[in-house]
Amino acid sequence: MKMKRLKHLRPVALTALGLFLGRGAQAETILDFESIPPGQASNQPILQTFGDNAAASSEGVTVVGFGTPNIGLTWQATGGRWDYYNDGGFLWSAVQLDSSNVGDRHEIVFTPNAEQVSVVIKSFNFHPYYTSSERFTYDVSVVAGSTVVSGPSNITFRSESVKVPVSINYTGSPNQSLTLRLDRVASVLEEGETVGGSGNIAIDDITFAQLPEIEFAVGPQVLSTIPANSQISVAPDRLYRATLTNLTYAVVPGSIQLSLNGAPVSPPPVITQNGGLTTVSYESAALLPSGSTNRYTLTYSDNAVPPKSYTNQVQFIVAAYTDLQLPPPIHFENFDNTPEGTLPPGWTSVSLDTLRDFFSEPEITMTNLDSAAYTNWTVVDVSRFTGTFDVYSRFYNFNPPPVGWTEDYQRVLSVNPSNVVNGVFLRNLASGRMVFGNSGYRNDSLGQVLYLFSPDFDLTGKTDVHLAFHSLWEQNQDSIGAVEYSIDEGLTWLPIVYMLNAAGDVIRNPDDTIDAFATFSTVWGDVARYLDEQGATQGGYYGAFIGVTQDKWADLGPYISPRLDDNPVESKRVEVFRLPQADNQPKVRLRFAHAGTDSWYFGVDNVGFYSLASAPLQISSIVRVGQNVTVTWPGAPGLRLQKSTSLTNPNWGNIEGTEGSSSHTEAISGPEVYFRLAR
């Protein structure tokens, strides 16, 4: 896959220099990442157990003297993640600040598990990857609760592939959790410098200690929870999981109690034990309010004499969602009665994958993404995406697989916390079987161009026609996903939605509105191409793959939907679109298109036509709080918020992210701004 997370870590010939802090004779723990712990893979999210309760040296952890047997670590981030990275001694043995952009935050929480223990955060090293003109700047601070107790210190440096030492030396109070916080902030660039890449930076030699140097006997501890504490954008269904581990004393299962917002959960949680682990599970279909703040409180006791009681609280914020109300469909297809490797009756497909790689598997093999099975749209059993696919025909031509290949297509089933239909949260957006168009993990030299056509649906006598379907799309740099419809048996096509990479491929005017003609007509070197019937190479621009004719491209701005690159969650949606020209039409046909060059996938399930009465265009409130203004309205599919800075010569522009939503908050800027709703 052309995933940017892989491109960021491509090694170059550099000389690695080290400045190591805190390696004195005193008792301390150093996270040096110089070897890989069991169960940890390089360039993958760091295990949450890494660095916990270090009483002796282990893979990636060096203990000097007494160590930190009573301190546990939590690795958390906003806008990115922590990746354990060890390239075998070539350049990096560190923990990568993956997707560290300006405004993003990476944190390590140091938590004592005994009342007498204090945490000492000593030092660490920033470690950029390349020798280059890149500059990185971070605010480094230590936080206790919501209070900054040390810093922030502004650390700025140019990438020289050498370690940049940061000394902290802060000691917390007994039983006080401390958070080492790294905030990426804007850099002041010197001549010839560029902003440091979001995946080209790591830290290592993280050095900390505990006081006093005594190992205290403690009871069972919570290893992990779902949701995590302080997690935002949590699914609204009431799903809770906690895993506890026994230490010196064990948890007493009968003592476990779980409450939500102060009230005991109903039904009671399910308690299971396996070896030294206890799992607390709770589920309820009842939805929590959109955007609400909630708290789970878990209490339990150990088997000490006398027993000790413990409390673990998880506060989280539910994702903003709109409860989409759909009536019974006029027509509906869920693909469940269609055999794998085929299409439902009346559905057809066209593939312009005209130059397949010589080493691709020629047989139809549903477990090989690079086989003949995935040269076109096809129905696939959803359960396959819980397992592993062969990629680039690895088993066929014995090539080594890329990093992450075993899990990459499990992201097809990633959960978007905002999908709610008729009061039910859709944790599983696809079920049974779905129709699937694949571009990823194929080496076809010109790319992959796939079209799926529905049969003609009779909508005679139907008004307010909407199309709804479950979309399992993932954007990958140069790919396009398009949906169109026809009312004349495919002679001409009308727009529904065009999904394109928000970063760079959606071309904008100076006023930030979308220049649709330029977006569809610009030729790119990495966009898919194909051979026509005369053997001439076609494509290379996004308009080559849509059905709407070129003379209408300039009017397609409202139908272009910018999507985030390589994001497995953002485009897993229940998509709903008004089809204004489908009302009372006897033959309405759909066209799904996916074009890319080794560029992820497009899954479609539960395709339905619905008659939905239009929601009123009415803003409910505009409220100012401090320097922000919040606009609210009755959300509905296809309804979006627009704004203009003048009513004399208004230039109304869509506010991204408001379609289907019911509120919008933004900072106040300029003397005046006007809002309106548009369908």
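The values are calculated or read from the model by the stated rules, or taken from the named source; none is laboratory data. On a predicted model such as this, the values are computed, not experimentally measured, just so you know. Positions of Cβ are generated from backbone atoms using ideal geometry, with glycine treated the same way; all protein chains shown enter the neighbour counts.
Overview of results
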| quantity | calculated |
| --- | --- |
| Selection within the range 55-70 - assigned to a loop (DSSP other than H, G, I, E, B), out of contact with any Pro (no Cβ under 7 Å at 6 or more places or on another chain) and touching a residue at least 40 places away in the same chain (Cβ under 8 Å) | 65, 66, 67, 69 |
| Criterion violated by residue 540 - all others in (1) modelled with pLDDT of 95 or more; (2) more than 13 Å from residue 447 (Cα to Cα) satisfied | (2) |
| Among (1) surrounded by 18 or more Cβ atoms within 10 Å (Cβ to Cβ); (2) modelled with pLDDT of 95 or more, the one test that residue 159 misses | (2) |
| Some residue of the range 236-244 being in contact with a Lys or Arg (Cβ under 6 Å, 6 or more places away or on another chain) and among the aliphatic types (A, V, I, L, M) | no |
| The range 350-398, residues that are surrounded by fewer than 16 Cβ atoms within 10 Å (Cβ to Cβ), β-branched (Val, Ile, Thr) and in a loop (DSSP other than H, G, I, E, B) | 364, 367, 388 |
| Pair list, Cβ < 7 Å and 6+ apart or interchain, from the range 251-277 residues that are on the phi > 0 side of the Ramachandran plot and assigned to a loop (DSSP other than H, G, I, E, B) to residues that are surrounded by 13 or more Cβ atoms within 10 Å (Cβ to Cβ) and not aliphatic (A, V, I, L, M) | 261/294; 261/295 |
| Meets criteria (buried (at least 17 other Cβ atoms within 10 Å of the Cβ), under 16 Å from residue 559 (Cβ atoms) and at pLDDT 95 or above) for residue 487 | no |
| Pair list, Cβ under 8 Å, 6 or more apart: the range 442-456 residue on the phi > 0 side of the Ramachandran plot and in contact (Cβ under 8 Å) with a residue 40 or more places away in the chain, other residue among the aliphatic types (A, V, I, L, M) and outside any strand (DSSP E or B) | 447/527; 447/528 |
| Filter result (acidic (Asp, Glu) and surrounded by fewer than 18 Cβ atoms within 10 Å (Cβ to Cβ)) within the range 162-190 | 190 |
| Selected residue [at pLDDT 90 or above, closer than 30 Å to residue 443 by Cα and within 22 Å of the chain's Cα centre (by Cα)] from 40, 76, 48 | 40 |
| Any hit, the range 192-204, residues being of a type outside the set (Val, Ile, Thr) and either surrounded by fewer than 17 Cβ atoms within 10 Å (Cβ to Cβ) or free of Cβ contacts under 8 Å to residues at least 40 places away in the same chain (or both) | yes |
| Matching residues, the range 561-601, being at pLDDT below 95 and in contact with a Phe, Trp or Tyr (Cβ under 6 Å, 6 or more places away or on another chain) | none |
| Of all residues making up the range 332-342, the number that are touching a residue at least 12 places away in the same chain (Cβ under 8 Å) and surrounded by fewer than 16 Cβ atoms within 10 Å (Cβ to Cβ) | 6 |
